[in-house]
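Okay, so here's the structure we're looking at.
The values are calculated or read from the model by the stated rules, or taken from the named source; none is laboratory data. Given the structure is predicted, the values throughout are model-derived calculations rather than measurements. Neighbour counts are summed over all protein chains in view; Cβ atoms, including those assigned to glycine, are modelled from backbone coordinates with ideal geometry.
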Amino acid sequence: MNRILVTGATGNLGASVVDFLLNKTNSTLISALVRDPQNAKALELKAKGVETRTGDYNDFTSLVNAFKGIDKLYFVSGSDIQNRYKQHENVVKAAKEAGVKQVVYTSFSRKNETETSPIAMVADSHIRTENLLKASGLNYTILKHGIYMDMLPLFLGDQVVKSGVAYFPAGDGKVSFTLRNDMAEAAAVILTTEGHANKIYDMTNTQTVSFSEIAAAISNASGTAVTYVSPAPEEYIQTLSSAGVPMEYVGMFAGFAEAFKQGEFDQVSDFMESLIGRKPTSVSQFLSQVYTRN
């Protein structure tokens with residue numbers, strides 16, 4: 001039996017992967033990487049019978065020690081965009097030194113891999129990490145995640161129903177939004193089955209949606225008419241900045257909006273459906289839960 005270690009195990013994605021793994025394999029075969037073993041979420045993992053191992057992406061030695069004896073490593077990409085590639089380099093090199101047999105990496109789907117991409121600042125470290133894994137000699141599985149459906153309420157803001165306006169400069173672009181929990185469930189299948197070494201998988205939904213369709217789904221769920229407005233990027237940036245939204249978020253949201261507009265994530269796959277044995281959660285299903293009328 002394979003011993004599996006999940007990084008980012010106190011985060012939303014990693015924690016969900018652990019929960020799905022607990023339904024598929026013995027808890028004694030699951031380890032979780034945590035930065036602080038006394039953190040409340042780390043203690044929750046222990047209470048479920050999951051071993052916690054202390055490590056930090058910035059600390060190479062801690063990673064080598066944490067990865068020893070691990071067969072399959074679920075490698076959640078870091079959230080520190082500026083320092084992410086160096087951190088990822090530490091993870092890959094530590095996995096190799098520790099003798100990990102397979103690394104399953106959470107990357108993202110895309111079409112444009114050049115500097116002209118509106119989200120080049122986010123994409124660069126993912127692409128470089130994929131190349132690093134391919135050259136490492138390690139067995140790898142690259143999961144090209146669709147855009148998290150869970151991000152929609154953040155993209156649209158908490159006033160979307162009250163204002164009756166879905167304000168986002170994505171034009172008519174269609175996006176394959178994918179629920180984080182569905183991707184976690186699919187990952188647990190990959191981690192507990194064989195035949196995935198040196199494979200690259202599209203972890204996207206079976207359908208794409210536009211923001212006009214998203215506004216209509218919110219209208220239906222909330223019982224309040226919501227109209228989609230796609231402003232010019234400059235106007236959007238000015239509006240959010242004036243509202244006090246931090247510039248790093250404004251820039252990121254504007255970048256993703258432009259990528260959506262350009263069709264960067266307009267691609268579908270039935271691979272996840274084949275793994276989890278059902279259609280992935282649709283955007284309308286998700287929005288009906290988030291914005292259901294009171």
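Only strands (runs of 3 or more DSSP E) whose full extent lies in the stretch 1-69 are considered here, and the ones with at least 1 residues that are closer than 23 Å to Lys93 by Cβ and touching a residue at least 40 places away in the same chain (Cβ under 8 Å) are 4-6, 51-54. A single entry from Asn139, Asn198, Asn181, Asn131 fulfils the requirement of being at pLDDT 95 or above, of a type in the set (S, T, N, Q), farther than 28 Å from Thr239 by Cα and in contact with a Lys or Arg (Cβ under 8 Å, 6 or more places away or on another chain): Asn139.
Here Ile237 passes the criteria (1) in contact with a helix residue (DSSP H, G or I) (Cβ under 8 Å, 6 or more places away or on another chain); (2) surrounded by fewer than 20 Cβ atoms within 10 Å (Cβ to Cβ); (3) under 28 Å from Asp71 (Cβ atoms); (4) aliphatic (A, V, I, L, M) except the one numbered (3).
Selection of helices (runs of 4 or more DSSP H) fully inside the stretch 227-294 by the criterion of at least 1 residues being modelled with pLDDT of 95 or more, farther than 30 Å from Ala188 by Cβ and among the polar types (S, T, N, Q) returns 233-242. Within the stretch 22-72, being small (Gly, Ala, Ser) and touching a strand residue (DSSP E or B) at 6+ places or on another chain (Cβ under 9 Å) holds for Ser27, Ser31, Ala32, Ala42, Gly49, Gly55, Ser62, Ala66, Gly69.
Looking at Ala243, Ala217, Ala254, just one residue is of a type in the set (A, V, I, L, M, F, W, C) and either in contact with a Ser or Thr (Cβ under 7 Å, 6 or more places away or on another chain) or in the same structural domain as Ser117 (by TED's automatic domain parsing) (or both), and that residue is Ala217. Which residue, of Met183, Met252, is of a type in the set (A, V, I, L, M) and surrounded by fewer than 19 Cβ atoms within 10 Å (Cβ to Cβ)? Checking each option against the conditions leaves just Met252.
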